[in-house]
1. With r defined as the distance between the Cβ atoms of residue 297 and residue 328 and R0 fixed at 25 Å, what FRET efficiency is calculated, to the nearest 0.05?
2. Taking R0 as 30 Å, what FRET efficiency do you get between residue 199 and residue 279 from their Cβ-Cβ distance, rounded to the nearest 0.05?
3. Looking at the range 166-231, which GluC sites (Glu not before Pro) are in a loop (DSSP not H, G, I, E or B) and have at most 12 other Cβ atoms within 10 Å?
4. How high is the FRET efficiency between residue 7 and residue 142 when r is their beta carbon distance and R₀ equals 35 Å, given to the nearest 0.05?
5. Let me check against my output: what whole-number percent is the relative contact order of the chain, with C-alpha pairs under 8 Å and at least 6 apart?
6. Specify whether the C-alpha gyration tensor of the range 15-62 places it in the rounded, prolate or oblate class, a ≥ b ≥ c being the square roots of the eigenvalues: rounded for a/c under 1.5, otherwise prolate if a/b is larger than b/c and oblate if not.
7. Can you give the extra length, in nm with one decimal, that the chain gains between residue 18 and residue 103 once fully stretched, where that is 0.36 nm per residue apart less the Cα-Cα distance?
8. Which loop GluC sites (Glu not before Pro) in the range 260-332, with loop taken from DSSP, have no more than 16 other Cβ atoms within 10 angstrom of their Cβ?
Amino acid sequence: MDKLKITGNSLPNMPWQDRPEGSKEVMWRYSENPVIRRDLLPTSNSIFNSAVVPFEGGFAGVFRCDDTNRRMRLHVGFSKDAFNWDINPEPLTFECEDKEIGAWVYGYDPRVCCIDGRFYVTWCNGYHGPTIGVAWTDDFKTFHQEENAFIPFNRNGVMFPRKINGRFAMLSRPSDNGHTPFGDIFYSESPDLKFWGRHRHVMAPAPFEDSAWQCTKIGAGPIPIETSEGWLLIYHGVLATCNGFVYSFGSAILDIDEPWKVKYRSGPYLISPQKDYECMGDVPNVCFPCAALHDVESGRIAVYYGCADTVTGLTFGYIPEIIEFTKRTSII
Ligand code: BMA
């Protein structure tokens with residue numbers, strides 16, 4: 001393949017560990033996982049499914065912290081090295097012109113997307129059931145909440161890091177009010193971050209016979225990464241077993257101008273629950289990616305993922321290798 005072009009920033013200070021000797025894995029885990037433990041805050045039951053971005057020479061993030069009342073809350077955090085996090089003990093609050101939309105019910109599974117220097121937060125927002133909340137911040141202190149992007153029920157709202165054909169763009173996963181035994185990824189556009197439309201179907205779960213880890217439901221993970229091969233999307237997939245759901249993650253490549261067209265999709269997973277901290281916890285057997293940091297010079301990527309709905313893990317890889325893997329193993 002011609003030399004792959006990756007869009008984004010140089011991030012020489014991103015968190016990194018070399019592939020362990022002898023490993024043939026496309027993505028490998030941080031040896032000190034979990035990178036964020038469940039009780040980093042005195043009031044946290046668990047810290048997982050969280051989003052981090054480069055910010056002012058270091059890193060900032062929005063974290064899912066379920067408290068010891070088991071309420072789902074979002075908290076802001078900062079870090080110099082993206083390994084050691086200082087998470088605010090007080091939950092994040094949003095400023096919202098509309099009291100009805102701004103009334104907090106619950107929030108979980110945040111993503112943070114940088115577009116033209118401004119940070120956009122999307123999360124699963126309680127409003128008569130789960131839907132996609134949208135807010136923006138310039139400083140990780142004041143967060144301005146916009147309208148919910150969709151009516152309930154919806155989860156896994158993930159924005160693209162630039163406008164596409166002149167509009168904001170988002171992936172989402174329409175769902176139900178419970179633990180949703182189905183789920184396809186859709187694409188929507190917005191001219192103003194308030195009205196979302198032009199909905200397009202992106203991907204359905206895979207046939208069981210082709211790729212069982214993603215045969216029940218799927219959902220977008222970290223913010224897609226723009227490359228000369230298309231948008232690299234890391235997404236979770238679910239297998240329904242006799243003992244409940246198993247969450248793994250894999251990769252797909254979407255068309256650059258029409259991201260609802262899937263060019264390639266990995267048959268094998270990149271990461272599935274295998275380590276103790278992924279298999280044991282409040283919800284066993286969950287690897288749920290919500291954020292990635294990458295460096296365009298080296299092609300390195302670090303993916304943050306929730307482990308067993310309890311702690312946060314970190315995995316590493318090289319974008320060109322993940323793209324080669326996605327194409328080579330594609331089930332499309
Ligand atoms: C999904 C979401 C995630 C969670 C996963 C596994 O439906 O609720 O927050 O990690 O289930 O429990």
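The values are calculated or read from the model by the stated rules, or taken from the named source; none is laboratory data. Quick caveat, the model's predicted, so the values are computed rather than measured. Note: ideal-geometry Cβ built from the backbone for every residue, glycine included; neighbour counts use all protein chains shown. These accessible areas exclude ligands, DNA and RNA; they are computed on the full protein's heavy atoms, side chains included. Shrake-Rupley method; radii C 1.70, N 1.55, O 1.52, S 1.80 Å.
1. On the way: r = 24 Å, r/R0 = 0.98.
So the FRET efficiency works out to roughly 0.55.
2. 0.25
3. Numbers: sites: 189, 209, 226, 229; in loops: 209, 229.
Loop-located and lightly packed - 209.
4. Values: r = 28 Å, r/R0 = 0.81.
Calculated transfer efficiency: 0.80.
5. Values: 928 pairs, mean separation 60.6, N = 332.
Across the chain, relative contact order equals 18 percent.
6. Values: a/c = 2.84, a/b = 1.51, b/c = 1.88.
Judged from the Cα gyration tensor, the range 15-62 comes out oblate (a/c at least 1.5, b/c at or above a/b).
7. Working: separation 85, 0.36 × 85 = 30.60 nm, distance 4.49 nm.
Length difference between fully extended and current span is 26.1 nm.
8. Numbers: sites: 278, 297, 321, 324; in loops: 297.
Hits after loop and neighbour filter: 297.
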